[in-house]
Structure formats: structure tokens, C-alpha cells
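Report on the structure given below.
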């Protein structure tokens with residue numbers, strides 16, 4: 001039984017429906033539920049969409065990042081340069097590989113990695129750069145790729161926000177060694193939990209396929225279809241394989257991917273028109289002619305009042321918002337274990353202290369955007385008492 005949202009405008013609503021129900025029904029009538037033919041169909045469809053040679057579906061973007069690092073031989077004693085303005089999994093995947101994340105500050109206009117700061121952070125221990133295409137806008141991959149080639153570094157793209165993004169002819173996986181995607185509950189296509197990694201190096205395919213499933217030479221689907229044959233474990237692998245059920249949920253959404261992006265762009269344009277003349281608010285999503293923004297999130301920076309007070313007021317007005325993100329280096333774990341402190345990455349901290357993500361999803365009505373804009377205008381016209389400013 002569905003439960004209604006307590007908010008007039010929820011932060012996110014998926015658009016799954018009868019097509020996904022039918023696809024799952026078909027998948028569960030098949031004797032193989034684990035990684036099998038449905039997963040293979042989704043992988044082929046996504047590879048065609050991205051214009052790359054290979055896609056492997058995983059349980060999460062975190063798993064895809066971890067597998068990428070392992071496949072590229074990155075581990076203990078190595079450093080990977082990345083951004084603090086991201087979800088924690090970008091950095092924890094590096095730790096899980098045994099390497100050390102090295103944060104550098106970001107561009108104030110986009111929140112993406114500052115290429116010049118990346119160049120300055122390279123040491124003899126640096127093995128890779130892990131850029132995040134934040135909010136749906138691609139990083140400067142041409143500059144990062146040139147830097148990586150010059151210094152002999154790998155690039156692993158965190159493209160969790162950027163499935164549809166382009167910069168000219170460059171897409172995720174065009175220039176990086178791998179690009180990693182998320183199909184988490186609020187992503188542009190979703191199966192609740194899931195991910196994928198895309199790449200063009202055919203030499204990595206078999207290694208990544210083994211790493212994805214315990215290092216085993218035969219899968220459960222192969223054993224079910226071909227009968228038992230002895231299998232071997234040839235390397236230390238992990239359990240990151242997607243099942244046919246998740247893939248079945250994703251496949252019909254590929255048919256709506258471009259249509260849903262068009263709708264999100266329309267909503268972003270409506271937000272931008274409604275907020276353009278509002279003092280104390282700066283928008284981070286700009287729709288530039290040479291870039292195709294994936295419009296995964298619509299973040300704004302709040303200057304007119306404390307951010308947490310603004311979040312509390314919007315929630316009281318029935319508008320659900322989120323914070324994407326508070327910088328990774330200021331989380332308790334990273335500040336205690338890596339000795340990071342406030343002031344280390346001031347631009348990321350300024351964004352993290354002020355950013356709010358407004359609702360954005362294809363099922364939103366134009367009137368919903370207008371409600372959000374009105375609530376934000378009303379909020380900034382006044383201030384809450386101090387005892388109601390904390391976000392719980």
C-alpha cells in the first residue's frame with residue numbers, strides 16, 4: 001500500500017509504471033534470477049547509448065568505482081586525486097582499494113574539480129584522478145585527459161549524476177579509463193539500488209568481469225544453462241553483480257531517457273526564470289550551448305540567510321529539499337582519520353555551507369516548480385527564530 005508524501009512537493013518521485021511491472025514479471029518467470037540474459041541486454045543497451053565498447057552492470061556506483069580501481073592496479077601506497085564536493089562513496093571506494101584519497105578544491109561556478117589544482121596536487125605516488133561530474137555537468141575532461149596522459153595517470157569518472165551529459169562530442173567513458181554510474185532510488189534511471197561501469201579498453205573486460213563476481217570463471221547463469229562444469233577462482237574478486245530483476249526494471253526506462261531529460265530541462269528553465277531576480281540566491285545549473293547538462297539535481301546557493309534555517313522553513317512550507325553535499329573532508333571519519341579541518345578546501349566548504357537541492361524529476365508539474373519558487377521567495381523574505389534553524 002502506497003504512503004502519501006507529507007510534503008506538498010516531494011523531493012523526488014520515480015516514474016516507474018506498468019512497463020517496469022511487466023518487465024519484472026517476465027524476469028521472474030525465467031528460471032535464472034541472477035546475472036543473466038536480461039543483464040546482458042541492459043549492458044548492451046547502455047553501451048549503445050553511451051557509444052562505448054563495454055558496460056558491466058553492478059550492485060552500485062560504489063562497487064563500480066571500487067572495481068575500476070582494482071582492475072587498474074591501484075592499491076596500498078597509491079594516491080588518487082578527487083573532490084571533497086561529492087557523496088562519501090567517491091572517497092570511500094578509494095579507501096576500500098587500499099589507496100589514499102587526495103582532495104583538491106573545486107571551481108566556484110560548477111563545484112567540479114579545478115584542473116589547475118589537480119595538476120598541483122600530483123606527487124610521485126599519484127596513480128589516478130577521480131573526477132565527479134557534479135549535478136549532471138561534465139568536468140573539463142579534455143584538460144583532465146591531457147594532464148593524465150602527460151603524467152601517466154588513469155582517470156576513473158564518477159558519472160553517477162551524468163548519464164546523459166555531454167561536452168561537445170565527449171561523453172562519460174569517452175576519455176576516462178572507466179566511467180561509473182548509479183541507479184540509486186533518486187537517479188535519472190533507477191532500480192532502487194544498482195550501478196554500472198563503462199569502458200572502451202577490451203583488455204580490461206575479462207578482468208573486470210572476474211572481479212565483479214568472486215573471481216570465478218563461470219557464473220551461476222552459465223551453470224544453470226549449460227549444466228555443471230568445474231569452475232575456478234583465478235583472482236580475488238568481490239560480489240558486485242547485478243541481478244536480472246534490477247536489469248528488468250532499468251530496461252524500459254532506457255526508452256524514456258531522452259524524453260525525461262527534455263522534461264527536466266524544461267523544469268530547470270522554469271526554475272531559472274522564476275529565481276533569476278531573487279536576491280540572495282545563486283543557481284549552480286547553467287544550460288550552456290556547448291554542454292548538455294544531465295540535470296540530475298537543481299542546486300542553489302543561499303546567501304540571504306543561514307542555509308539550515310532555509311531548509312527548515314521550506315520543510316515547514318511543505319517543500320522537501322536536500323543538501324548535496326556537505327564536503328567529505330569535514331565528516332567525522334575523514335577529519336579524524338586524515339586530519340582534515342575546516343579551511344583546507346574553502347570553495348568546497350562555501351558551497352557545502354550554502355547549497356540546497358530543490359525538487360527535480362519528470363513527474364513534476366509546472367505548478368510544482370512555481371510552488372517551490374514561491375516558498376523560497378517567502379522564506380527569504382523573513383527569518384526563522386534561532387531555535388528552529390537546525391536541520392535534524
| task | Would you please state the base-10 log of I(q)/I(0) at q = 0.10, 0.11, 0.14, 0.22 1/Å for segment 1-132, with intensities from the Debye formula using one equal scatterer on every alpha carbon? | result | -0.54, -0.63, -0.89, -1.22
| field | Relative compactness, segment 237-283, computed as alpha-carbon Rg over 2.2 N^0.38 Å | value | 1.94
| request: Figure the gain on full extension for residue 222 and residue 381 (residue separation times 0.36 nm, minus the Cα-Cα span) and round it to one decimal in nm. | output: 50.9 nm
| request: Quick one: pull the percentage of alpha-carbon pairs in the chain with a separation above 38 Å. | output: 21
| task | With a/c under 1.5 counting as rounded, go ahead and sort segment 218-350 into rounded, prolate or oblate using the C-alpha gyration tensor (a ≥ b ≥ c being the square roots of the eigenvalues; past the cut-off, prolate if a/b is larger than b/c, else oblate). | result | oblate
| field | Selected from 157, 107, 336 as most flexible by GNM, with the chain as the system and alpha-carbon contacts under 10 Å | value | 336
| query | Taking Cα atoms, how many degrees apart are the long axis of helix 141-151 and the longest axis of the chain, rounded to 10 and kept between 0 and 90? | reply | 50
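Gain in length, residue 290 to residue 303, computed as 0.36 nm per residue apart minus the alpha-carbon separation, to one decimal in nm?
Working: separation 13, 0.36 × 13 = 4.68 nm, distance 2.88 nm.
Answer, rounded to one decimal: 1.8 nm.
Taking only DSSP H segments of four or more residues, each worth -39500 (n - 2.57), what value at 222 nm results for the chain once the sum is divided by all its residues, to the nearest 500 deg cm²/dmol?
On the way: 13 runs with 151 residues, N = 392.
Mean residue ellipticity at 222 nm (helix-derived): -12000 deg cm²/dmol.
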| said: Which residue fluctuates most in the GNM of the chain (Cα springs below 10 Å): 258, 120, 374? | reply: 120
| Would you list 181, 11, 334 from fewest to most Cβ contacts within 10 Å? | 11, 334, 181
| query | Order of 333, 135, 340, 240 from fewest to most other C-beta atoms within 10 Å? | reply | 333, 340, 240, 135
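Could you list 266, 79 so that the one with the fewest beta carbons within 10 Å of its beta carbon is first and the one with the most is last? Can you show the working numbers first?
Values: 266 15, 79 19.
The fewest-first ordering by Cβ neighbours comes to 266, 79.
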| task | Using only Cα atoms, tell me the angle between helix 307-316 and the longest principal axis of the chain; keep it within 0 to 90° and round to the nearest 10. | result | 90
| task | Specify the inter-centroid distance of segment 1-76 and segment 305-378, based on alpha-carbon positions, in whole Å. | result | 27
| note | Check: C-alpha center segment 141-203 vs C-alpha center segment 245-274, spacing in Å is 19
| field | Calculated SAXS-style log₁₀ I(q)/I(0) at q = 0.16 Å⁻¹ - segment 18-251, Debye, Cα scatterers | value | -1.09
| What angle do you read, to the nearest 10 degrees and between 0 and 90, between the alpha-carbon axis of helix 61-71 and the longest principal axis of the chain? | 50
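What FRET efficiency would be calculated for the residue pair residue 367, residue 109, taking the C-beta separation as r and a Förster radius of 30 Å, to the nearest 0.05? Show your work: numbers first, answer last.
Numbers: r = 30 Å, r/R0 = 1.01.
The pair residue 367/residue 109 has a calculated efficiency of 0.50.
Can you give the FRET efficiency to the nearest 0.05 for residue 119 and residue 332, using r as the Cβ-Cβ distance and R₀ = 41 Å? Mind dumping the intermediate values first?
Values: r = 30 Å, r/R0 = 0.74.
Using R0 = 41 Å, I get an efficiency of 0.85.
Values quoted throughout were computed directly from the atomic coordinates according to the rules given, and no laboratory measurement underlies them. All values derive from a computational prediction rather than experimental measurement. Please note: Cβ atoms are built from the backbone with ideal geometry, for glycine as well, and neighbour counts cover all protein chains shown.
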